[in-house]
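No lab work stands behind these numbers, since they all come straight from the coordinates. Since we're looking at a predicted model, the values are computed, not measured. Neighbour counts are summed over all protein chains in view; Cβ atoms, including those assigned to glycine, are modelled from backbone coordinates with ideal geometry.
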Amino acid sequence: MTKATHPSGTDRLAEVVELRGWADDTVVINLQGDEPLMPESNIHQVATELSNHPSASIATLAEPINSTAQFADPSVVKVIVDARGNALYFSRAPIPFSREGSRHTGPHDSPDDIAAAQRHAGLYAYRAGFLRQFVTWEQAPIERRESLEQLRALYQGCQIRVVTAAESVPPGVDTEADLAVVRRILDV
């Protein structure tokens, strides 16, 4: 349905915006395929967050990290936010790093380290005009390194609003084991 050459789902979504001819102020939701159980209320929450913050380029969803295993897992994307609820950085690595000696390997991780980061969920809201701009930028070095397209927006100085999920985000699909769990839930 879209070209196979896009470096990210956001680039693919920008093609859809062009094909549909959507106005620049149209709010576009990207629910990534690895989040098949996302509650509808969270989708509305992210769209509302973007609408309520005209200076933001993107709104996205996060929730608390529940364990040191989740904190250390590279398939769990972590986000750090500022005091106003804007993303500072996204990473597959455990962030923030504790220079006091924690290596993020287990029970010795500081609860403060884990509490500082949130688990990012694959749900975004954009305006169509932003997507048109996004695809004009080359992939950022940090985007290529982490394989996280939202880092291209941060690299360009864009504001990303991060809201804590109103409803708990069910398991996503990042591994074969995750797929088996979701298949059982959906009875597929």
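Structural remarks
- Karplus-based coupling profile of the range 172-187, in residue order and whole Hz: x, 10, 10, 9, 4, 5, 4, 4, 4, 5, 5, 4, 5, 5, 7, 6, with θ = phi - 60° in 6.51 cos²θ - 1.76 cosθ + 1.60 and x standing for Gly or Pro.
- Note on Rg/Rh (Cα atoms, Kirkwood Rh): of the candidates (i) 0.97; (ii) 1.00; (iii) 1.63, the value calculated from this structure sits at (i).
- Springs join every pair of Cα atoms under 10 Å in this Gaussian network model of the chain, and among Val16, Val76, Val162 the largest mean-square fluctuation is at Val16.
- For chymotrypsin sites (Phe, Trp or Tyr not before Pro), the sites in the range 109-188 that DSSP calls loop and that have at most 14 other Cβ atoms within 10 Å are Trp137.
- Per-residue 3J(HN,Hα) values for the range 9-18, derived from phi via the Karplus relation 6.51 cos²θ - 1.76 cosθ + 1.60 with θ = phi - 60°, read x, 5, 4, 4, 5, 4, 5, 4, 4, 5 Hz in sequence order (x marks Gly and Pro).
- Taking every DSSP beta bridge that has both ends in the chain, the antiparallel portion is near 80%.
- Rounded Å value of the spacing that divides the Cα centres of the range 162-180 and the range 7-53: 17 Å
- Within a Gaussian network of the chain (alpha carbon springs, distance under 10 Å), most fluctuating of Glu167, Glu176, Glu18: Glu176
- Listed residues Ile95, Ile160, Ile58, most fluctuating in the chain (Gaussian network, C-alpha, under 10 Å): Ile95
- Each of Leu88, Ile160, Val135 was placed along the dipole of the chain (beta-carbon charges, centred on the mean Cα), and the one lying farthest toward the positive end is Val135.
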